[in-house]
Amino acid sequence: MEGIEVLFAVAGRRTGVRVRALARELGMTPTRVQRYLGTLAHLGLARRNPDRSYAVGPGIHALSAMSLSASGLAARAMRVLPPLDGLGCIVAVGVLWRHTVSYLYFNLPGTPLSESLGRDGGYPAERSSIGLLLLAHCAPAHVRQYFPEERERLAPRLEEVRREGHAIVKRPEGGYSIAVPVGSPPVAGLALSGDIGADAVPGLLGRMRAAARELSEESAEETPL
């Protein structure tokens, strides 16, 4: 488990990280982190730079390509979601990892479709419509572990999301972020975010649920028995 923690910490960076900095971040000894990094480098999942920092290795790219190909979700999003891009909102498909949301598909208004695949993870789940949606379908132990100081505040909100079947977050800059589940149980969330008025939410939810069904139905068709 510690080795996987080290792998995720390296994979989430655009630049290399030194052993001591990573050890401080993860609460491990430098010797322990060095041992894990050495193993990851031997496997090709990390690489040691000339300045003695570590970055992702070719194995990470191979793993990413294989996982995206196997799930098919990102490719299906590229086929199914472009009609929603014309609504003038951010369109996103995200997954939950512990206490954060990472995006498989993220399209800003006016952005070319070719730039929509993938986006840096790490967005706080409790502030995200996708995050709240997916947390509502997690085991209570997950919320207790990753939100120990906020679980009491989150509990009624997550119950509301489960009851309604969608999550709505009011944005500080105005408008709303809305998320619906992809799959049952959800494997991801589909969200629209932007200058959305309250009266537009019901109609948008209908379009989003139709797109989410198309994504999940194609997923079920491609899954071997």
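The values are calculated or read from the model by the stated rules, or taken from the named source; none is laboratory data. In this text the structure is predicted, and so the values were computed from the model without any measurement. Heads up, the Cβs are rebuilt from the backbone with ideal geometry, glycines too, and the neighbour counts pull from every protein chain shown.
Remarks
- Leading residue by the ranking (modelled with the highest pLDDT) among those in segment 76-109 that are among the charged types (D, E, K, R) and crowded, with 16+ Cβ neighbours inside 10 Å: 76
- In segment 40-50, the residues that are in a helix (DSSP H, G or I) and surrounded by 14 or more Cβ atoms within 10 Å (Cβ to Cβ): 40, 41
- When restricted to residues that are crowded, with 17+ Cβ neighbours inside 10 Å and touching a strand residue (DSSP E or B) at 6+ places or on another chain (Cβ under 7 Å), segment 10-39 contains 5.
- Residue check for residue 57: of a type in the set (Gly, Ala, Ser), buried (at least 17 other Cβ atoms within 10 Å of the Cβ) and either without any contact (Cβ under 8 Å) to a residue 24 or more places away in the chain or closer than 29 Å to residue 136 by Cα (or both): yes
- The set of residues in segment 120-179 that are in contact with a strand residue (DSSP E or B) (Cβ under 6 Å, 6 or more places away or on another chain) and either of a type in the set (Phe, Trp, Tyr) or not assigned by TED's automatic domain parsing to the domain that holds residue 84 (or both) comprises 123, 176.
- Selection of first residues in segment 95-107 that are under 14 Å from residue 142 (Cα atoms) and of second residues that are modelled with pLDDT under 90, restricted to Cβ pairs under 7 Å at least 6 apart or on distinct chains, gives the following pairs, ordered by first then second residue: 97/121; 100/121; 100/122; 100/123.
- Checked against (1) in a helix (DSSP H, G or I); (2) surrounded by fewer than 17 Cβ atoms within 10 Å (Cβ to Cβ); (3) not aromatic (Phe, Trp, Tyr), residue 122 meets all criteria but (1).
- Only one of the numbered conditions (1) modelled with pLDDT of 90 or more; (2) more than 15 Å from the chain's Cα centre (by Cα) is not met by residue 113, and that is (1).
Table: residues versus (1) of a type in the set (A, V, I, L, M, F, W, C); (2) more than 19 Å from the chain's Cα centre (by Cα).
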residue: 30; (1), (2): no, yes
residue: 35; (1), (2): no, yes
residue: 44; (1), (2): no, yes
residue: 47; (1), (2): no, yes
residue: 58; (1), (2): no, yes
residue: 78; (1), (2): yes, no
residue: 127; (1), (2): no, no
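- Scan of segment 102-118 for residues that are farther than 19 Å from residue 8 by Cα and assigned to a strand (DSSP E or B), ordered by number: 105, 106, 107, 117
- Each residue in segment 158-184 was checked for being more than 22 Å from residue 77 (Cα to Cα) and under 20 Å from the mean Cα position of the chain (by Cα), and 6 of them qualify.
- Note on segment 190-211: residues that are assigned to a helix (DSSP H, G or I) and in contact (Cβ under 8 Å) with a residue 60 or more places away in the chain amount to 4.
- Hey, residue 152 in a helix (DSSP H, G or I) and either in contact with a His (Cβ under 6 Å, 6 or more places away or on another chain) or at pLDDT below 95 (or both) or not: yes
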